[in-house]
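The values are calculated or read from the model by the stated rules, or taken from the named source; none is laboratory data. Only a predicted model underlies this, so the values are computations on that prediction, with no experimental measurement involved. When we count neighbours, we look across all protein chains shown, and the Cβ atoms used for this are built from the backbone with ideal geometry, even at glycine.
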């Protein structure tokens, strides 16, 4: 299966957002990764609905929305209406996770669950077959530009084992601190989708950086 690169728009230049969206459109990237933060679940606030709507009007690739918010159930249909193709909620933010996943699918989107660095893979055992995506946070959520947490490799391997044991078709996404130095090792551990923010958008040539990452993992 082809490994996917998902540039994180949180690291884009907000003053030139359309330019950066067009760059991703014309690059070798596969998805747009969009972080929605509420300042409650994580200590930061990011995009609101109007910005996501603007992004979705220009984006020509899969829109992968990562909700770092409390009570995500209130907004599932809203994100579907705004053009999200994949909607990922945090395990730690959902009291009734199975119901949330079913609601995401009923709204016509693929359903993902994100795990914070301290949350073990085992919490997904009873729901893994219902998921399209698991996002392993390889930094603490809330801010871009953080250092990669080395324990991530072990968690990816554990998750891959669970997916194979359960005969799930779920994809593994890594979010945080992804660079050309760890991309190959992450894929070898079992990752399918790599989210890269600062590494892409703060490079001298983001298009070339994306192309290089894609070549490393495929």
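Annotations for the structure displayed:
- Some residue of region 144-154 being surrounded by 21 or more Cβ atoms within 10 Å (Cβ to Cβ) and under 26 Å from residue 45 (Cα atoms): yes
- Selection count where residues are more than 18 Å from the chain's Cα centre (by Cα) and either closer than 23 Å to residue 110 by Cα or surrounded by 19 or more Cβ atoms within 10 Å (Cβ to Cβ) (or both), scope region 164-188: 5
- Count of residues meeting criterion [assigned to a helix (DSSP H, G or I), at pLDDT below 95 and under 17 Å from the mean Cα position of the chain (by Cα)] in region 10-55: 4
The rows are residues; the columns are (1) more than 16 Å from residue 134 (Cα to Cα); (2) surrounded by 19 or more Cβ atoms within 10 Å (Cβ to Cβ).
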{"site": "52", "(1), (2)": "yes, yes"}
{"site": "65", "(1), (2)": "no, yes"}
{"site": "74", "(1), (2)": "yes, no"}
{"site": "77", "(1), (2)": "yes, no"}
{"site": "82", "(1), (2)": "yes, yes"}
{"site": "93", "(1), (2)": "no, yes"}
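- Qualifying positions in region 77-100 - touching a helix residue (DSSP H, G or I) at 6+ places or on another chain (Cβ under 9 Å), closer than 21 Å to residue 123 by Cβ and part of a helix (DSSP H, G or I): 91, 93, 97, 98, 99, 100
- Looking across region 197-211, the residues that are in a helix (DSSP H, G or I) and out of contact with any helix residue (DSSP H, G or I) (no Cβ under 9 Å at 6 or more places or on another chain) come down to 208, 211.
- Residue tally, condition touching a strand residue (DSSP E or B) at 6+ places or on another chain (Cβ under 7 Å) and either in a strand (DSSP E or B) or more than 13 Å from residue 197 (Cα to Cα) (or both), over region 167-182: 6
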